[in-house]
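This report concerns only the one structure given below.
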Amino acid sequence: MKPFAYVKPVDIGAAVAAGAAPGAKFLGGGTNLVDLMREGIEQPDTVVDVTGLPLSAVDDLPNGGLRIGALVRNSDLAADRRVRARYPVLSQALLSGASGQLRNMATVGGNLLQRTRCPYFYDEASACNKRDPGSGCDALDGFNRSCAILGVSDDCIAAHPSDMCVALTALDAVVEVTGTGGTRRIPLTELHRLPGQTPHIETDLAPGDLITAVELPTATGNSAYRKVRDRASYAFALVSVAAGLQIENGAVTDIRLALGGVAPKPWRARQAEQLLAGGPADEAAFRRAAQAELASAAVRPGNAFKVALATNTIVATLRELSNEGTRR
Amino acid sequence: MTLIRMNVNGSAKSLEIEPRVSLLDALRERLGVTGPKKGCDQGACGACTVLADGRRINACLALAIQYDGCQITTIEGVDHPLQEAFVRHDGFQCGYCTPGQICSAIGMLSEYEAGMPSAVTDSGGLGEAEIRERMSGNVCRCGAYNGIVGAIMDVAGSDAR
Ligand SMILES: Cc1cc2nc3c(=O)[nH]c(=O)nc-3n(C[C@H](O)[C@H](O)[C@H](O)COP(=O)(O)OP(=O)(O)OC[C@H]3O[C@@H](n4cnc5c(N)ncnc54)[C@H](O)[C@@H]3O)c2cc1C
Ligand code: SF4
Ligand code: FES
Ligand code: FES
């Protein structure tokens with residue numbers, strides 16, 4: 001690992017100033033950054049440990065929503081009673097990610113900005129436009145089982161790895177960021193960028209932009225997370241679905257749908273939502289909506305299976321939620 | 001070089017380290033505490049699991065400097081019924097994963113007692129499915145899983161339900 005300087009500021013202004021310096025990188029739990037630094041993929045000159053900042057609270061908002069400090073550990077957020085009661089999709093998504101040990105370390109801020117697990121991104125001997133812009137993309141014709149099928153480009157097909165982000169996307173989460181120019185609020189759906197021709201630029205954040213909190217609007221009802229992977233636990237998603245569904249008199253009154261494992265960013269399935277809104281809450285409708293969302297999929301031999309897998313997982317998740325809705 | 005202080009298994013330690021030294025390397029190479037093992041060095045196996053202020057973590061993805069001021073417990077500092085239960089249940093073959101398994105199980109049991117849910121939680125106490133899910137961060141290449149789960153059920157059955 002390349003040597004670096006380490007600072008641990010205790011106020012936000014100092015953290016932003018330190019993070020804005022050339023070559024600086026924020027450090028949360030370290031579960032992604034330390035790994036990437038050891039592999040030589042990240043080589044910061046200064047590591048700014050943000051865990052000394054007062055950003056570890058989960059607070060109720062006056063409007064019924066929830067404000068989650070950027071330093072709340074993934075395990076603590078998953079266990080929070082309000083999250084479990086009002087946003088089950090978020091608790092479930094967190095608990096489906098990584099391991100007990102890693103969830104104890106990982107922070108909300110770090111989870112939002114974790115980088116892809118594309119095997120070639122991790123392998124310095126391979127061509128990878130994300131790691132080394134202009135070098136090519138070995139995943140295109142290589143081992144791309146884990147790679148994305150929606151929102152991809154000819155330059156990069158890497159999937160976003162986070163489970164938490166998929167749930168937060170379905171919940172209309174807003175990310176609060178403090179930078180050198182002050183504080184701003186970014187809808188999570190707009191935080192991450194699609195790769196286009198610049199896959200190395202993954203978000204709209206500038207150097208020094210510190211994530212301070214994530215805010216959730218009032219919960220709208222029943223929600224669930226479903227994750228499909230190569231082993232039962234401790235593996236990244238091949239496909240995952242975060243959904244919220246409200247039904248009245250057989251018709252869909254509120255639908256939120258987001259997908260993981262299939263896109264370079266947590267994917268809000270707006271097309272499917274539009275097709276479902278106001279219509280019947282039955283299996284045929286779920287399937288039509290899922291198929292419409294996946295119609296634009298750009299597949300490779302190694303990941304073509306994800307179209308059917310994602311379609312079926314969407315249908316299964318919505319079926320589960322609609323059954324729960326009628327049982328109540 | 002920075003001076004950090006940690007309490008390791010009940011004794012106060014201070015050491016001069018570079019910020020890039022992992023907690024695992026600090027323990028093993030600098031303090032001679034070799035119970036935590038380096039299986040993968042990338043968070044994927046759990047062999048390096050230690051307790052930091054009572055919470056289980058992967059020491060390989062931790063920089064020692066992040067844990068300045070913390071209380072670290074490794075297998076050397078553990079005195080727990082799980083240890084005998086692992087022997088009784090053949091919870092290991094080569095033993096490489098065992099220090100991590102036992103530290104992880106101790107952390108897991110206190111998480112469970114504090115009400116931490118898991119991906120398989122519905123109801124019905126700490127059964128086999130719960131243990132397997134909650135212990136999935138500890139891989140055993142000898143495949144001693146049945147003995148590991150048996151040992152934990154044995155101990156947890158009496159004090160966690
Ligand atoms: C073996 C393994 C398996 C895993 N499996 C899963 C899985 O199944 N599902 C899943 O979702 N995740 C999984 N993960 C990833 C894990 O969830 C992330 O590594 C973790 O969430 C990152 O959080 P952190 O606090 O440790 O981030 P760090 O590693 O500290 O930081 C990650 C990035 O975020 C930046 N950052 C951190 N905090 C802030 C802040 N407040 N403001 C601005 N920038 C910030 C850092 O600069 C860095 O670029 C796995 C990881 C490992 C090692
Ligand atoms: S898919 Fe993206 S991350 Fe993977 S090798 Fe290609 S450019 Fe790199
Ligand atoms: S050595 Fe730390 S998880 Fe494998
Ligand atoms: S006993 Fe050999 S790795 Fe678990």
Review point. Which one is least open to solvent (accessible area, probe 1.4 Å) among residues in region B:111-130 that are away from chain A (no Cβ under 11 Å) and part of a helix (DSSP H, G or I)?
Key: B:GLU130
Review point. With B:THR49, B:THR73 as the choices, which residue is closer than 26 Å to B:GLU113 by Cα, in contact (Cβ under 8 Å) with a residue 40 or more places away in the chain and more than 11 Å from chain A (Cβ to nearest Cβ)?
Key: B:THR73
Review point. Would a scan of region A:30-47 turn up a residue that is within 23 Å of B:MET116 (Cα to Cα), of a type outside the set (D, E, K, R), modelled with pLDDT of 95 or more and part of a loop (DSSP other than H, G, I, E, B)?
Key: yes
Point to revise | Whichever residue in region B:51-71 is closer than 9 Å to B:GLY107 by Cβ and surrounded by 20 or more Cβ atoms within 10 Å (Cβ to Cβ) and, among such residues, is farthest from ligand 3 (Cβ to nearest atom) | key: B:LEU51
Exercise for review: Search region B:1-20 for residues being more than 9 Å from chain A (Cβ to nearest Cβ) and surrounded by 14 or more Cβ atoms within 10 Å (Cβ to Cβ), and hand back the single one that is nearest to A:MET37 (Cα to Cα).
Suggested key: B:ILE17
Point to revise | Positions within region B:1-37 being within 21 Å of A:PRO3 (Cα to Cα) and in contact with an Asp or Glu (Cβ under 6 Å, 6 or more places away or on another chain), in sequence order | key: B:MET1, B:LEU3, B:ILE4
Practice item. Filter region A:81-98 down to the residues that are touching a strand residue (DSSP E or B) at 6+ places or on another chain (Cβ under 8 Å) and small (Gly, Ala, Ser), then identify the one that is nearest to the other protein chains (Cβ to nearest Cβ). Key: A:SER96
Study note, to complete from the structure: Cβ pairs under 8 Å, 6+ apart or interchain, first in region A:101-121 and more than 11 Å from every other protein chain (Cβ to nearest Cβ), second within 16 Å of ligand 4 (Cβ to nearest atom) and at pLDDT 95 or above, ordered by first then second residue, are none
Study note, to complete from the structure: B:ILE152 vs (1) within 18 Å of A:ALA235 (Cα to Cα); (2) more than 12 Å from every other protein chain (Cβ to nearest Cβ); (3) assigned to a helix (DSSP H, G or I): all pass except (1)
Review point. Can you name the number of the only condition in (1) within 16 Å of ligand 4 (Cβ to nearest atom); (2) within 10 Å of chain A (Cβ to nearest Cβ); (3) over 11 Å from the mean Cα position of the chain (by Cα) that B:ARG88 fails?
Key: (2)
Exercise for review: Inspect all residues belonging to region A:2-25 and state whether any of them is closer than 13 Å to B:LEU63 by Cβ, open to solvent by 10 Å² or more (accessible area, probe 1.4 Å), within 9 Å of another protein chain (Cβ to nearest Cβ) and part of a strand (DSSP E or B).
Suggested key: yes
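Residue by residue, here is whether (1) touching a Lys or Arg at 6+ places or on another chain (Cβ under 7 Å); (2) within 21 Å of A:PHE121 (Cβ to Cβ); (3) among the aromatic types (Phe, Trp, Tyr); (4) within 16 Å of ligand 2 (Cβ to nearest atom) holds:
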{"site": "A:PHE26", "(1), (2), (3), (4)": "no, yes, yes, no"}
{"site": "A:GLU42", "(1), (2), (3), (4)": "yes, yes, no, yes"}
{"site": "A:ASP49", "(1), (2), (3), (4)": "yes, no, no, no"}
{"site": "A:LEU55", "(1), (2), (3), (4)": "no, no, no, no"}
Revision key, fill the gap. By residue number, the members of region A:113-130 that are of a type in the set (Phe, Trp, Tyr) and in contact with a Gly (Cβ under 9 Å, 6 or more places away or on another chain) are A:TYR120
Exercise for review: Hey, can you tell me all the residues within region B:91-110 that are crowded, with 17+ Cβ neighbours inside 10 Å, more than 14 Å from every other protein chain (Cβ to nearest Cβ) and not hydroxyl-bearing (Ser, Thr, Tyr)?
Suggested key: B:GLY91, B:PHE92
Review point. Under the condition of being more than 16 Å from ligand 3 (Cβ to nearest atom) and in a helix (DSSP H, G or I), which residue from region A:109-147 is nearest to A:TRP267 (Cα to Cα)?
Key: A:LEU112
Revision key, fill the gap. Only unsatisfied item for B:LYS38, checking (1) away from chain A (no Cβ under 11 Å); (2) under 13 Å from the mean Cα position of the chain (by Cα); (3) more than 16 Å from ligand 1 (Cβ to nearest atom), is (3)
Study note, to complete from the structure: By residue number, the members of region B:134-148 that are buried (at least 19 other Cβ atoms within 10 Å of the Cβ) and in a helix (DSSP H, G or I) are B:ARG134, B:GLY147, B:ILE148
Practice item. Name the one entry in A:ALA206, A:ALA235, A:ALA219 that is more than 14 Å from chain B (Cβ to nearest Cβ), aliphatic (A, V, I, L, M) and within 16 Å of ligand 1 (Cβ to nearest atom). Key: A:ALA206
Review point. Just a yes or no: is a residue in region A:156-169 within 14 Å of ligand 1 (Cβ to nearest atom), open to solvent by less than 20 Å² (accessible area, probe 1.4 Å), of a type in the set (D, E, K, R) and touching a Leu at 6+ places or on another chain (Cβ under 9 Å)?
Key: yes
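The values are calculated or read from the model by the stated rules, or taken from the named source; none is laboratory data. For clarity, every value in this text was computed on a predicted model and none was experimentally measured. We place every Cβ from the backbone using ideal geometry, glycine too, and count neighbours over all the protein chains shown. Side chains are part of the model used for accessible areas, which takes the heavy atoms of the whole protein and leaves out ligands, DNA and RNA. Shrake-Rupley method; radii C 1.70, N 1.55, O 1.52, S 1.80 Å.
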